[in-house]
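The values are calculated or read from the model by the stated rules, or taken from the named source; none is laboratory data. Note that this is a predicted model, so its numbers are computed, not measured. Neighbour counts run over all protein chains shown; Cβ positions are idealised from the backbone, glycine included. Remember, those area values only see protein heavy atoms, side chains included, never the ligands or the DNA or RNA. Shrake-Rupley method; radii C 1.70, N 1.55, O 1.52, S 1.80 Å.
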Amino acid sequence: MVEGFRAGLVAPQGLIAHGRGEMFDYILGEKTTKDARAASRAAAALLLRAKRPVISVNGNIAALCPKDVVALSKIARTRIEVCLFHRSDERVSKIQKVLEENGAEDVLGFLPEERLPGIDHMRGLCCKEGIFSADVALIPLEDGDRAEALARMGKATIAIDLNPLSRTSRSATVSIVDEVTRALPELIKNVEDLEDDPKAASAALSKYDRDANLQAVMASMGSNLGKLRR
Ligand code: PTJ
């Protein structure tokens, strides 16, 4: 993350967000839980049934896991859009370049023509062909206002966020509470697994209950804290 910051990919606020994430990951036990696995299977099913899926990439994601983003976009046939909260053209092009170096083609984000309704100018910018017209958006480490705006637009959203209490986690269609560098390989594995099994994909989605899943994650965190206290 520090290298990503020095290279101009990560915003200063991204370093703070990462520290917040590490704190939640510690309480989670620094591993992918069974609840995150269930959410990931539902997310894979959602991506596989999408007509216009998009992965939104910010500075933290570009620094942590550009290879996995590109691999997922190929397997799940999604577009990739660089969509920044603290936007500058310079950072968008640096992030785009990193994604291209990792094999991405046609990365969107440099020339946004649209805005997310209700989100102030720079933070709401997005591409018509990408996030604006997506039916399913994967939004790792997303800000709460933007996640809620996407939900209001009627899109299905998949959050990856270590904070089960965040507005992003609580407003997404599917919320994966896991560290993003563990969550993306797990999601890739689930897309591969469910790709030729529509019945299992439907079952994964219908079994998934976001609020119950988040409650279970919080219960695990509570129990881990109890163990740490003893
Ligand atoms: O690059 P930009 O300009 O688009 O900015 C990116 C950040 C992350 C700074 C921006 O989107 C932001 O401020 O996000 P928030 O509102 O801080 O939300 C980020 C969420 O991701 C928080 O709930 C963190 O706990 C969580 N998080 C941080 N690191 C990780 C994480 N979740 C999963 N894996 C991580 N490595």
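Here's the yes/no breakdown for (1) out of contact with any Cys (no Cβ under 8 Å at 6 or more places or on another chain); (2) in a loop (DSSP other than H, G, I, E, B); (3) free of Cβ contacts under 8 Å to residues at least 12 places away in the same chain:
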site: ARG77; (1), (2), (3): yes, yes, no
site: ILE80; (1), (2), (3): yes, no, no
site: ARG87; (1), (2), (3): yes, yes, no
site: GLY103; (1), (2), (3): yes, yes, no
site: ASP106; (1), (2), (3): yes, yes, no
site: PRO112; (1), (2), (3): no, yes, no
site: GLU129; (1), (2), (3): yes, yes, no
site: LEU138; (1), (2), (3): yes, no, no
site: ALA147; (1), (2), (3): yes, no, no
When both residues are 6+ apart or on different chains and their Cβ atoms are under 9 Å apart, which pairs have a first residue that lies in the range 50-65 and is farther than 13 Å from ASP135 by Cα, and a second that is surrounded by fewer than 24 Cβ atoms within 10 Å (Cβ to Cβ) and among the aromatic types (Phe, Trp, Tyr)?
-> ASN58/PHE85; GLY59/PHE5; GLY59/PHE85; ALA63/PHE5
Go through the range 3-28 and give me each residue that's open to solvent by less than 80 Å² (accessible area, probe 1.4 Å), β-branched (Val, Ile, Thr) and either modelled with pLDDT under 95 or part of a helix (DSSP H, G or I) (or both).
-> ILE27
In this structure, is ALA203 surrounded by 15 or more Cβ atoms within 10 Å (Cβ to Cβ), among the hydrophobic types (A, V, I, L, M, F, W, C) and modelled with pLDDT of 95 or more?
-> yes
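Quick one: is ARG37 out of contact with any helix residue (DSSP H, G or I) (no Cβ under 6 Å at 6 or more places or on another chain), under 21 Å from ILE131 (Cβ atoms) and surrounded by fewer than 22 Cβ atoms within 10 Å (Cβ to Cβ)?
no
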Count, please, the residues in the range 1-43 that happen to be of a type in the set (Asp, Glu) and on the phi > 0 side of the Ramachandran plot.
-> 1
LYS31 is checked against (1) touching a residue at least 60 places away in the same chain (Cβ under 8 Å); (2) under 19 Å from SER133 (Cα atoms) and fails just one. What number does that condition carry?
-> (2)
So SER169, is it over 14 Å from LEU46 (Cβ atoms), hydroxyl-bearing (Ser, Thr, Tyr) and open to solvent by less than 10 Å² (accessible area, probe 1.4 Å) | yes
